[in-house]
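Report on the following structure.
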Amino acid sequence: MPILDLLTPRAHDLGGGMVVKRVLPSAKKQAVGPFIFFDHFGPVQVTPQSQHDVRPHPHIGLATVTYLFDGAMMHRDSMGVTQRIEPGALNWMTAGRGVVHSERRPEDLRETSYINHGLQLWVALPTADEEIEPSFQHIPAADIPQWQGDGITARILVGTAFGLQSPVQTLQEMLYLDVQAEANSSFTLPASDLELALYSPEQIIIVDGVALEPGVMALLQPQVATTISIVQSARFVVLGGSKLDGHRHIWWNFVSSRKERIEQAKLAWAAQEMGTVPGEQEWIPLP
């Protein structure tokens, strides 16, 4: 059976009534490949009264990967980047030695109601690259390659699959697919040396004959092909990559191979020495 283990999410309150399903890190497994953090948010109704904006906050030692199924967000950071995030596009922010960013409701949606639904992942940077300069990549939906099979559409968000390569530049080998499948279809994930996992946000999918409930992550057996069968139309993601090069320390929004580096980041943020987001006056205090 290709499922090695199942990771169940825990509810995490981000404040303002925004509760996410957090799957990684888990007590069973810290990371799948370099993916060290996995939050599934929504689908949630956002109204003019909602307080879901995330004020400026810092990161080190990681890259944030934001992908929406529905809704919209406005990203701003201390590099001076302002980018609207919409469904199907991919935002990749490399924090490296340190970056500050906010995630807010776009101004044109302040007085409207809409659904927000998506995933935010963190990628732990290789130890040799934890202190690189921060950078930002935005890949519009139209620029993400997609493969089509019989009843299957797979978008290659990160990495290489089916002879197609994502334009996202990474520092280690990894894979991130968004797969949409019609009813009564099937999809075979080829055997791979990578650590891989499956996650379906809303529908049951059948993994080599075993039903995988929505909101549960399945860790897959390496070097074995996996067949996913779809009874009712479903959407799921495939994620993973080469094994992380050692344990990571995680505290709040900081990730590092060195505990002392996280302590340095704590002091820097408390002293407001990590930069500011242009146009922002608020910030989230150190917990």
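Could you check how many residues of region 133-148 are open to solvent by 30 Å² or more (accessible area, probe 1.4 Å) and either of a type in the set (Val, Ile, Thr) or modelled with pLDDT under 95 (or both)? Count: 0. Taken residue by residue, region 52-71 has at least one member that is more than 27 Å from Phe236 (Cα to Cα) and open to solvent by 40 Å² or more (accessible area, probe 1.4 Å). Only residues that are outside any strand (DSSP E or B) and either open to solvent by less than 10 Å² (accessible area, probe 1.4 Å) or of a type in the set (S, T, N, Q) (or both) were counted in region 32-51, giving 6.
What's the total number of residues in region 1-36 that are in contact (Cβ under 8 Å) with a residue 12 or more places away in the chain and among the acidic types (Asp, Glu)? So the count comes out to 1. The set of residues in region 1-26 being more than 20 Å from the chain's Cα centre (by Cα) and under 24 Å from Glu103 (Cβ atoms) consists of Gly16, Gly17.
May I ask you to list the residues in region 82-123 that are of a type in the set (Gly, Ala, Ser), open to solvent by less than 30 Å² (accessible area, probe 1.4 Å) and not in a strand (DSSP E or B)? Full working, then the answer.
So the first thing to find is which residues in region 82-123 are of a type in the set (Gly, Ala, Ser), and the list is 88-89, 95-96, 98, 102, 113, 118.
Restricting the remaining residues to those that are open to solvent by less than 30 Å² (accessible area, probe 1.4 Å) gives 88-89, 95-96, 98, 102, 118.
The answer is Gly88, Ala89, Ala95, Gly96, Gly98.
Restricting attention to region 156-208 and to residues that are more than 21 Å from the chain's Cα centre (by Cα) and at positive phi, the residue that is most open to solvent (accessible area, probe 1.4 Å) turns out to be Asn184.
Could you list, in sequence order, the residues of region 228-248 that are open to solvent by 50 Å² or more (accessible area, probe 1.4 Å) and either part of a strand (DSSP E or B) or farther than 18 Å from Trp122 by Cα (or both)?
Of region 228-248, the ones open to solvent by 50 Å² or more (accessible area, probe 1.4 Å) are 231-233, 235, 243, 245, 247.
Val231, Gln232, Ser233, Arg235 - these are the residues of region 228-248 that are open to solvent by 50 Å² or more (accessible area, probe 1.4 Å) and either part of a strand (DSSP E or B) or farther than 18 Å from Trp122 by Cα (or both).
Whether any residue in region 252-272 is at positive phi, in contact (Cβ under 8 Å) with a residue 24 or more places away in the chain and either open to solvent by 10 Å² or more (accessible area, probe 1.4 Å) or within 17 Å of the chain's Cα centre (by Cα) (or both) is what I want to check. For region 252-272, residues at positive phi, in contact (Cβ under 8 Å) with a residue 24 or more places away in the chain and either open to solvent by 10 Å² or more (accessible area, probe 1.4 Å) or within 17 Å of the chain's Cα centre (by Cα) (or both): present.
The values are calculated or read from the model by the stated rules, or taken from the named source; none is laboratory data. In this text the structure is predicted, and so the values were computed from the model without any measurement. In this analysis, Cβ positions are derived from the backbone assuming ideal geometry, glycine residues included, and neighbour counts consider all displayed protein chains. Note: areas computed on protein heavy atoms with side chains; ligands, DNA, RNA excluded. Shrake-Rupley method; radii C 1.70, N 1.55, O 1.52, S 1.80 Å.
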